[in-house]
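The next block holds one structure in the form of C-alpha cells; read it before the comments.
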Amino acid sequence: MIRFTTAGESHGEGIIVILEGIPAGLTVNSEDIDLELVRRQKGYGRGQRMDIEADCVKIFSGLRYAKTIGSPITMYISNRDFKNWLYVMSTGSVDLDGTTLLKPRPGHADLAGLMKYGVSDFRDILERASARETATRVAAGAVCKMLLKEIGMSIMSYTIQIGNVLANMSSIKENDVRCKTEASCVRCPDASASREMVKLIKKAEREGDTLGGKVAIVVSNVPVGLGSHTQWDLKLDGRLAQSLISIQAVKAVEFGAGTKLASLFGSFSHDEIFYNKVKGFYRSTNMAGGIEGGISNGEPIVITCTMKAIPSLSKPLHSVNLVTKQSARAEAIRSDVCAVPAAGVVSEAAVAIELAKVLKEKFGGDSLEDMKNNISTYKERLKTLQ
Ligand code: EPS
C-alpha cells in the first residue's frame, strides 16, 4: 500500500515527508523532484517568502544508487526563513516575549484551531495550517509521477481563472496547452488572459487584497479500472476529491462537466458509448471527466479545483482581539497575493499520489517489474473484450 505523512511548521527548521510503498526499481533523482519544487515556487502573485526559499529535497532513505528499494522514502526540505524565526519557532523552552498573535484572520484556521487545541497563541495553529506544507506533497507527488510515467500516464494542470479573468481555452490547440502553460507566469495557456490576470493581481496587491481562482488538472493514458464502485471509500472520484480539497484554500472540486451538469438534461449529460475495431470501446465526449461509478473509464481524468482568495490580507478584515474582546482588524501577516498558479502544481501532486495508490492497489507489485507485468496481463485480458 502506498501512503505518506508530512510534518514540519512553516517557519520551523524544515518540512519532511515519508512516502511508503513505492515499488522497488523505480529510478528517482533528487534533481527531478527539485524541478517540481521550482514549478511550485514560481507564479506571479507569490509573496516575499518565495524570494527567501529555494526548495530542494534531501533524501534520507528509500533509495540506493538513484533507484527505489521498496523501503520508506524520506525527503526533507529545509526552511531557509528559519534563521529569522529561531526564537519564535524554538522547539526548546524560551521566555515568552509578548509575540503572541491576538487577532485571528477570518478564513484561516486561526480561531477554530486556537479554540480546539486550547492554545493561547494562534501561531501554534497557523504554522501547520500554512500552505508551506504543500512543498512536501509536491515532493511525494514528484516520485508518484515518476511511477505513473513508467505506466505511460501523464498529468498536467493549468490556470483557467484568476478573480474574474477567465482563460479562453477554445483558441488553444490541445497539444499546445502544456508548453503555453509553463511559459506563462500565472500558468495560464491563454496569453491574453495571462496578461489580464497579472494586471488583476497587481491591483489586488495595491489594494491590500488577495485573489483566488480555478485550475484544471488533466491525466492522460489512464488505464480502465482504477478505483471501485463496490464501497464508498474506494470510489476514485471520492478519493481524488479528498486529496484535492485538503489543499490549503481549495473550496470545490469538480469532475468533467462538474456543476454544469445541474442544468442539463440526462440526454446531454453522459458520454455515449461507441465501438470500432481499431479503438475498441470509446466515447466522443468526456462529461464524466474519465470516471464513471467511481472507476476510471479509460478517458482522460479531467478535474477543476476552485481556490478561494488567501485569507491573509495586508488590509485586514474585521476580527476580535482575543484578550480585550474588542473589535479589531485581523493580524496583517506577510503572505502571497495569489497562489492559484502554485495550486495547479500542488493539485498535480495530490492527483499523482492518489493515482499511484490506486494503481498499487489494483496491480500490486513490490517491484516495478512485477507491477508492469501485472498491468500487461490485465491489458491482455481487456483485449479479449474488444
Ligand atoms: C502562507 C503564507 C506565506 C506563503 C506560504 C503560505 O508564507 P509567509 O507567512 O512565510 O510569508 O508564502 O507559502 C509558503 C511558504 C510556500 O512554500 O508555499 C500561508 O499562510 O499559508
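As a calculated quantity, the FRET efficiency between residue 251 and residue 202 at R0 = 25 Å, using C-beta atoms, amounts to about 0.55.
Rounded to whole numbers, the Karplus 3J(HN,Hα) couplings from phi for the range 244-253 are 7, 6, 7, 6, 3, 6, 6, 10, 8, 10 Hz, using 6.51 cos²θ - 1.76 cosθ + 1.60 with θ = phi - 60°, and x at Gly and Pro.
Legend: translational diffusion of the range 157-243 by Stokes-Einstein, Rh = Kirkwood radius over C-alpha pairs, 4 °C, 1.567 mPa s; D = 86 µm²/s. Within the chain, the longest run free of GluC sites (Glu not before Pro) that sit in a DSSP loop with at most 15 other Cβ atoms within 10 Å is 1-206. Phi-derived couplings, Karplus 6.51 cos²θ - 1.76 cosθ + 1.60 at θ = phi - 60°, listed residue by residue for the range 166-180: 10, 6, 9, 7, 5, 8, 10, 5, 3, 5, 8, 4, 4, 6, 5 Hz, with x used for Gly and Pro.
I need the calculated FRET efficiency for the pair residue 277 and residue 112, taking r as the beta carbon distance and R₀ as 51 Å, to the nearest 0.05. Walk me through the numbers on the way to the answer.
Working: r = 58 Å, r/R0 = 1.14.
About 0.30, to the nearest 0.05.
Helical runs assigned H by DSSP (4 residues or longer) give the chain a calculated mean residue ellipticity at 222 nm of -10000 deg cm²/dmol, each run adding -39500 (n - 2.57) before division by the residue total. Computed on the range 3-383, with alpha-carbon pairs under 8 angstrom and 6+ residues apart, the relative contact order is 22 percent. On the beta carbon distance between residue 20 and residue 42, with R0 = 22 Å, the FRET formula returns roughly 0.15. Partners of residue 308 within straight-line reach, counting aspartates and glutamates whose Cα lies under 13 Å from its Cα and excluding those fewer than 8 residues away in the same chain: 209, 336.
Stretching residue 51 away from residue 174 to a fully extended chain increases their span by 41.0 nm, per 0.36 nm per residue minus the current alpha-carbon distance.
Taking θ as phi - 60° and the Karplus parameters 6.51, -1.76 and 1.60, the scalar couplings of the range 259-265 work out to 5, 4, 4, 4, 9, 9, 5 Hz in sequence order, x denoting glycine and proline. Going by neighbour counts of Cβ atoms within 10 Å, the residues 166, 317, 148 line up, fewest first, as 317, 166, 148. When the chain is treated as a Gaussian network with alpha carbon springs shorter than 10 Å, the biggest mean-square fluctuation among 349, 257, 249 belongs to 257.
Take the chain and mark each of the chymotrypsin sites (Phe, Trp or Tyr not before Pro) that is in a DSSP loop with at most 11 other Cβ atoms within 10 Å; the longest unmarked stretch, sites excluded, is 88-264. Taking a point 7 Å from the Cα of residue 367 along the Cα-to-Cβ direction, the residues of the range 60-75 with backbone N closer than 17 Å to it are 63-71. With neighbour counts taken as other beta-carbon atoms within 10 Å, the residues 324, 304 rank, fewest first, as 324, 304.
Please tell me which of these pairs span more than 20 angstrom C-alpha to C-alpha: 180/260; 235/357; 58/145; 251/315; 42/180; 180/214? Mind dumping the intermediate values first?
Values: 180/260 26 Å; 235/357 12 Å; 58/145 18 Å; 251/315 23 Å; 42/180 15 Å; 180/214 17 Å.
Too far apart for the 20 Å limit: 180/260; 251/315.
Looking at the range 307-386, the trypsin sites (Lys or Arg not before Pro) that sit in a DSSP loop and have at most 15 other Cβ atoms within 10 Å of their own Cβ are 308, 325, 334. Once you keep just the Cα pairs under 8 angstrom separated by 6 or more residues, what percentage relative contact order results for the range 1-145? Relative CO of the range 1-145 lands at 33 percent. Using 0.36 nm per residue and subtracting the Cα-Cα separation, the extra length available between residue 164 and residue 325 on full extension is 54.4 nm. What translational diffusion coefficient, in µm²/s and rounded to a whole number, does the Stokes-Einstein relation yield for the chain at 4 °C and a viscosity of 1.567 mPa s, taking the hydrodynamic radius as the Kirkwood radius over Cα pairs? My calculation gives 58 µm²/s for D.
By the rule of a C-alpha distance below 17 Å, with chain neighbours fewer than 8 residues away ignored, the aspartates and glutamates paired with residue 277 are 380.
Contact order normalised by length for the range 127-202, with contacts defined as Cα pairs under 8 Å and 6 or more residues apart; what percent is it? Before the final figure, lay out the partial values.
Details: 62 pairs, mean separation 17.5, N = 76.
It comes to 23 percent, rounded to a whole number.
Length available on full extension from residue 232 to residue 100: 0.36 nm per residue minus the Cα-Cα distance, which gives 43.2 nm. The distance linking the range 95-135 with the range 17-60 is 26 Å (Cα centroid to Cα centroid, whole angstrom). Put simply, the amide H of residue 252, placed in the peptide plane, has neighbours under 5 Å in 306, leaving out anything fewer than 5 places away on its chain.
Each reported figure results from applying straightforward, stated rules to the coordinates on display, with no laboratory input. All of these numbers come straight from a predicted model, not from anything done at the bench. Glycine also receives a Cβ, built like all others from the backbone with ideal geometry; neighbour counts cover every protein chain displayed.
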